[in-house]
1. How many nm separate the modelled label positions at E131 and Y19, each set 7 Å beyond the Cα in the direction of the Cβ?
2. For K311, go through the aspartates and glutamates and keep the ones whose alpha-carbon is under 12 Å away, minus same-chain ones fewer than eight residues off.
3. Hey, of [x] 29, 53, 13, 5, 1; [y] 29, 50, 20, 1; [z] 29, 54, 16, 1, 0, which did the structure itself give for P(r) over Cα pairs in 20 Å bins from 0, in percent when calculated?
4. Given R₀ = 35 Å, FRET efficiency for K320-W292 by Cβ-Cβ distance, to 0.05?
5. Name the most mobile residue of I155, I14, I24, meaning the one with the largest mean-square fluctuation, in a Gaussian network model of the chain with Cα contacts below 10 Å.
6. Would you mind checking which residues have amide H under 5 Å from V162's amide H? H placed 1.01 Å from N; only 5 or more apart, or other chain.
7. Check T227: other-chain or 5+ apart residues with amide H under 5 Å from its amide H, H built from backbone geometry?
8. State the Cα centre-to-centre distance between segment 249-310 and segment 28-100 in whole Å.
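The values are calculated or read from the model by the stated rules, or taken from the named source; none is laboratory data. On a predicted model such as this, the values are computed, not experimentally measured, just so you know. Positions of Cβ are generated from backbone atoms using ideal geometry, with glycine treated the same way; all protein chains shown enter the neighbour counts. Areas reflect the complete protein model, heavy atoms only, side chains present, ligands, DNA and RNA absent. Shrake-Rupley method; radii C 1.70, N 1.55, O 1.52, S 1.80 Å.
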Amino acid sequence: MAEKLTYKDAGVNIDAGNYSVKLIKDSVRATYRPEVLGDLGGFGGLFALNSGKYKEPVLVSGTDGVGTKLKIAFLLGKHDTVGQDAVAMCVNDILVQGAEPLFFLDYLAVGKLDPEQVASVVKGVANACKESGCALIGGETAEMAGFYPDGEYDIAGFSVGVVEKSKIITAEKVQEGDVLLGLPSTGVHSNGFSLVRKIVFERQGMKGDEYVDELGTTIGEALLTPTRLYPNVCLPLIEQFDIHGMVHVTGGGFYDNIPRALPDDLAVEINDDAWTMPPIFTLLQKWGNVDWKEMYRTFNMGIGMILIASKDEAAKMKAKLEADGETVYEIGRVVRGNHDVTIKGGVFHE
């Protein structure tokens, strides 16, 4: 008679999954807003929209993953930052339409379930949700034996926010003469890592633990710096000022993202002398011999979020941000054109 098999024999450990949930419960509960109903462990997350706060509430949703940046987390055995990347890529996207993030769900797929590893990733998700003011109301951890190598995983997220219909930020409000304000990024964020890995690990032959003087840390630590969360900075501005447009600078860099916030008959001129580019980008450009235009089409180049407003409103926003201790740069202006971006300055001049 053949030996009896169990699910665990096939590579899926239900007990380890239950233990993972136990490890993350406190972190998840710490993100709950008053609108959250029920508790962790249900088949769906329950969230009661505060309908009294809005006359015409519009839900805004976004989904994204971390991408090949995860390969660096695997290489270094460091899993406590990528959860923030998953959250930031979603909440920053819905933010640019004026939405306040309400709740977030994550999906974590692993080859072999390591409860401590899972807890490290999800605690990063929970901390980022808490900082962004959104509740982590659900998620899924899937153990997929034989699909991912042991120790590796993929994570993606989904966020929902809300905005008053009359306050939705669209390209229709952007006008000629508007000013672009740039908020700094924390580094490469979560885009362009296929090129990053080719430059750093293939061309430069690095292992990840090399200390780089210009960075003040190892190359691996610098690359794993998580994507900045912008809701806490930008939501008060959305309430207080007349913002014509917002841009989350993600995959596609300046050239592909800025036009998404413009009417068809307008364009943007960027002055790249306006901000100090983080050294990670100059190093990547030098190490990879990458054309500057390719750099600006792939990476955020030190500017992770862009606010577009009239000259007067932009000046007021800039003063408010600086009074609050934030760094902000006036990086360009809106001009007549063909829905494109031109970059001028000392670093790169088209």
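1. Output for this residue pair reads 3.0 nm.
2. E176, D178, D242, E330
3. Computed from the coordinates, P(r) over Cα pairs in 20 Å bins from 0, in percent corresponds to [z].
4. Values: r = 32 Å, r/R0 = 0.93.
Approximately 0.60, to the nearest 0.05.
5. I14
6. When sequence neighbours closer than 5 places are left aside, the close amide H contacts are V60, E100, L102.
7. It is D85, by chain and number.
8. Taking the Cα centre of segment 28-100 as reference, the centre of segment 249-310 is 26 Å away.
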